[in-house]
Amino acid sequence: MKKYIMALDQGTTSSRCILFDKQGNIGSMAQKEFTQIYPKAGWVEHDPMDIWSSQISVMTEAMAKINAKAEDVAAIGITNQRETTIVWDKHTGKPVYNAIVWQCRRTSYIIDQLVEAEMDAMIREKTGLIPDAYFSGTKIKWILDHVEGARERAENGDLLFGTVDTWLIWNLTEGKVFVTDYTNASRTMLFNIKECKWDDDILSLLDIPKCMLPEVKSSSEVYGETNIEAIGGKIPIAGAAGDQQAALFGQCCFLEGEVKNTYGTGCFLLMNTGNKAVESKNGLITTIAASMKGSIEYALEGSVFVAGAAIQWLRDELGLIENAAMSEKIAMEVEDTNGAYVVPAFTGLGAPYWDQYARGAIIGLTRGVNKNHIVRATLESIAYQVHDIVRAMESDSGIDLKHLKVDGGASANNFIMQFQADILDTTVLRPRCIETTALGAAYLAGLAVGYYQSKEEIRENWHLARSFRSNMSEDDRYSRIQGWQGAVNRIRTK
Ligand SMILES: Nc1ncnc2c1ncn2[C@@H]1O[C@H](COP(=O)(O)OP(=O)(O)O)[C@@H](O)[C@H]1O
Ligand SMILES: O=P(O)(O)OC[C@H](O)CO
């Protein structure tokens, strides 16, 4: 038995590599932040070469830390920020434009045109998504429309499109393997989630040549093997899933009705709905969950665009904190927010509002509001946004959520977790390993190569570290939520 499974977790703000042992313990980890590019208000880009080089460097660093060799690693699982769109030349491997990041709003006008042409219902029906600039489809169209010669080269078969999983696999195999998995495909707004194929009608509506799209595979199978010198040998690449679906798997939410919420750059609540593609009546989206070969599973998802990113805003733009962890102590120095609410709709509002043009606000300011209140209101805003999607999820599923399994960078914040439990009147369960996204990718790869035999075996690895129980009166909860909803209504444009 090999010692480790490797997870490559390519997130919005950093690239990570974790080597897990069979029990899901972290044997070694390396992480590297990379540059966020904001060319204009509401636009967000990454340099695809930065994504690739940071991922390779953490891979070699994590191995070197424990002196692991390629032969110690049973397989690699890949997980990634979803929707982020990369188009590159298949002959040179050079991107034709920066990666357009999921948060980027530049294609809102294309969505408006689709809605005006009354195409939104058809897109929703086929893809499970509420048409929005968030998804990859309009981002690809934008690149083909704006980069000189790109459309012609794409039509000639010279350009390839990939989400970050595809880009990494293509580079790890030196251009030999061009694939994505069902979870990532389901975030493009080009994939028919019921028929499980690229949808010709939507491709022609957006004028995207099919020849630039990758082959779609399950989330747990061997796609190929690494072909790069840096890691000193070949390792099978045996799993891939978008980060939120990977986290659902890593939290062992294998059964219908099981739910997790991840607090990263954004917040993403997913409920496993088994083999049923449930359509939401409350502003959630239907997506494909990490699925084994031959069986497609689905999930309902509530996507909040700005969560941990608001804490980075407190640090980088307002200078109110030196680091994210400090926000916990500062928030607890005051008893409440003194009536202030922060609505961090920096890139519009996601679920359940889907308002592309809404922008953030601080509401309820009086002379006594100080910086601690603003920090606290920013942390509370994360829990309020999650509250809104939990209520939508409960209403869609008919399930009353008594527990919420959490993970992701900002789930380390005890203030947010306690406030979350209070505002939801639900018990929040934080596992020992909050690197659940990476763990999910490791499990998917491990199942494909026989490192793990079954999901039941994997479930044994889930351990509770701390639970947070509600400690707020019903009246208090009610009035705070009313205040939040008033603040959200002030910034909505529709
Ligand atoms: N102790 C903390 N309190 C609050 N937020 C935190 C804390 N630690 C990290 N974060 C936030 O978590 C986010 C990073 O989490 P991570 O799961 O790595 O996200 P991603 O995969 O989106 O890059 C950052 O936005 C950061 O501000
Ligand atoms: O990088 P994260 O963890 O914020 O996740 C981003 C999501 O996949 C976007 O849909």
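The values are calculated or read from the model by the stated rules, or taken from the named source; none is laboratory data. The structure presented is a predicted model; accordingly, all values stated were derived computationally and were not measured. Neighbour counts run over all protein chains shown; Cβ positions are idealised from the backbone, glycine included. Heavy atoms of the whole protein, side chains included, go into the accessibility calculation; ligands, DNA and RNA do not. Shrake-Rupley method; radii C 1.70, N 1.55, O 1.52, S 1.80 Å.
Between segment 132-206 and segment 223-253, the C-alpha centres lie 20 angstrom from each other.
The mean sequence separation of alpha-carbon pairs under 8 Å and at least six residues apart, normalised by the residue count of segment 4-242, gives a relative contact order of 20 percent. Sorting Met292, Met393 by solvent-accessible area of protein heavy atoms yields Met292, Met393, largest first, with a 1.4 Å probe.
The relative contact order of segment 337-392, computed from alpha carbon pairs under 8 Å that lie at least 6 residues apart in sequence, is 41 percent. Only helices enter this figure: runs of n ≥ 4 DSSP H residues, each worth -39500 (n - 2.57), summed and divided by the residues of the chain, yield -10500 deg cm²/dmol at 222 nm to the nearest 500. Taking a straight line from the alpha carbon of Lys197, these lysines sit under 23 Å away, with near neighbours fewer than eight places off in the same chain left out: Lys90, Lys126, Lys139, Lys141, Lys176, Lys210, Lys217, Lys276, Lys293. Using only side-chain charges placed at the Cβ, +1 for Lys and Arg and -1 for Asp and Glu, the dipole size of the chain relative to its Cα centre rounds to 620 debye.
Cα extents for segment 10-61 along the principal axes, largest to smallest and rounded to whole angstrom: 45, 19, 11. Taking the charge dipole of segment 370-494 about its Cα centre, with +1 at Lys and Arg Cβ atoms and -1 at Asp and Glu Cβ atoms, the residue from Gly409, Met393, Asn372 reaching farthest to the positive side is Asn372. Accessible surface computed residue by residue for the chain, with neighbouring protein chains in place and a 1.4 Å probe, gives 37 Å² per residue. Farthest toward the positive end of the dipole of segment 4-242, out of Ile208, Phe34, Ala62, is the Cα of Ala62, where the dipole comes from beta carbon charges about the Cα centre.
A simple count of charges around Arg151, restricted to other residues whose Cβ falls under 13 Å of its Cβ and scoring Lys, Arg +1 and Asp, Glu -1, yields -4.
Around the Cα centre of segment 4-242, unit charges on the Cβ atoms of Lys, Arg, Asp and Glu (plus for the first two, minus for the last two) sum to a dipole of about 460 debye.
Taken over the C-alpha atoms, segment 4-242 has Rg and Dmax values of 17.9, 58 angstrom.
Given a 1.4 Å probe and every protein chain left where it sits, what share in percent of the accessible area of segment 294-386 is carbon and sulfur?
52 percent
Gap in Å between the Cα centre of segment 355-393 and the Cα centre of segment 57-107? Answer, in whole Å: 33. I'd like the carbon and sulfur percentage of the solvent accessible area for segment 4-242, probe radius 1.4 Å, heavy atoms only, ligands and nucleic acids excluded. Answer for segment 4-242: carbon and sulfur cover 47 percent of the accessible area.
Look at where the Cα atoms of segment 282-330 and of segment 465-494 average out, and the two centres are 18 Å apart. Stokes-Einstein diffusion for segment 131-210 at 10 °C, viscosity 1.306 mPa s, with a Kirkwood radius from C-alpha pairs, works out to 119 µm²/s. Its Cα gyration tensor gives the chain an equivalent ellipsoid; the semi-axes, largest first and in whole Å, are 33, 27, 22.
Temperature 20 °C, viscosity 1.002 mPa s: under these conditions the Stokes-Einstein estimate for segment 227-380, based on its Kirkwood radius over C-alpha pairs, is 119 µm² per second. Screening the chain for DSSP H helices whose Cα atoms reach 24 Å or more along their own axis and whose mean Kyte hydropathy is at least 0.0 gives 48-65.
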